[in-house]
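To start, the structure itself, in structure tokens.
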Amino acid sequence: MQIDSNHESINLPYHLTMVDYTTRLNEAMKHANVSVSALATALGVSYQAISKAVDGTTNSLSAYNNSKAADFLGVDSRWLATGEGAMELKLQERATTVPLVPWESLATWKGASEWLKRPEGNTFVWAPFGCSTETFCVEARGDSMVSPHGSMRSFRPGTHLYFDPLLHDNKPWDGIPVLAKLVSSEEVTFKIFKQEGSRRWLAPLNPQHEPIRNLFVVMGILVGQWEPSHNHG
């Protein structure tokens with residue numbers, strides 16, 4: 001496994017005197033190298049909701065989303081909400097490279113830590129944003145998550161999808177993309193997690209594919225994506 005020496009982990013346990021929520025949120029996102037899109041995906045909210053918090057159009061995130069954002073960004077939730085205490089950004093505990101797992105290996109996947117113990121022969125890719133040490137990457141395939149509507153988010157084949165099983169204790173919320181394994185067949189699939197009361201199912205973006213209502217186990221919540229330039233036409 002090769003590590004780019006130009007990228008170093010950062011430990012910033014300093015106190016900030018930022019009285020403005022927008023300033024604190026921008027500072028945390030900057031040091032965690034997290035984009036508006038990545039944070040929106042992690043929180044399960046719209047891009048516009050995060051964009052408004054970042055540019056100051058809204059005063060702050062809700063208490064629930066503030067806590068989730070702080071966890072994802074690696075900062076103290078009280079500091080993010082109120083400005084009190086230390087930011088305590090601990091990027092040394094965050095991954096800089098993550099495993100790129102082939103689809104045929106996902107059914108028996110036991111976690112990023114197992115790959116790190118035996119890196120020989122395994123493929124690792126750069127993490128373009130802050131993520132936990134258990135984050136892993138999968139290349140999108142097929143067209144079930146390609147929306148026929150240009151205005152909607154799509155995941156074209158070849159797109160790098162980053163999943164974090166530690167985010168929110170791996171408990172997804174309605175509308176968030178997840179990687180899931182079907183209990184009956186151990187088939188692994190990438191879909192939108194849907195829930196109404198006790199009912200849970202997996203929905204595609206492409207209406208030509210059917211929702212999956214079989215029992216499944218969530219392997220990770222999508223925290224980001226990167227589309228290689230060669231995928232663009």
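The values are calculated or read from the model by the stated rules, or taken from the named source; none is laboratory data. Quantities reported herein were computed from a predicted structural model and do not represent experimental measurements. Cβ: placed from backbone, ideal geometry, glycine included. Neighbour counts: every protein chain shown.
Scan region 144-164 and tell me whether some residue there is aliphatic (A, V, I, L, M) and within 11 Å of the chain's Cα centre (by Cα).
Yes, region 144-164 has at least one match.
Could you tell me how many of the residues in region 168-194 are among the aliphatic types (A, V, I, L, M), surrounded by 13 or more Cβ atoms within 10 Å (Cβ to Cβ) and either touching a His at 6+ places or on another chain (Cβ under 7 Å) or outside any strand (DSSP E or B) (or both)?
Here is the first cut: in region 168-194, the residues among the aliphatic types (A, V, I, L, M) are 176, 178-180, 182-183, 188, 192.
With surrounded by 13 or more Cβ atoms within 10 Å (Cβ to Cβ) added as a condition, the list becomes 176, 178-180, 182, 188, 192.
Filter again for either touching a His at 6+ places or on another chain (Cβ under 7 Å) or outside any strand (DSSP E or B) (or both), leaving 176.
Selection size over region 168-194: 1.
Which condition from (1) surrounded by 21 or more Cβ atoms within 10 Å (Cβ to Cβ); (2) at pLDDT below 85; (3) assigned by TED's automatic domain parsing to the domain that holds GLU210 is the one that LEU89 breaks?
It fails just one condition, (3).
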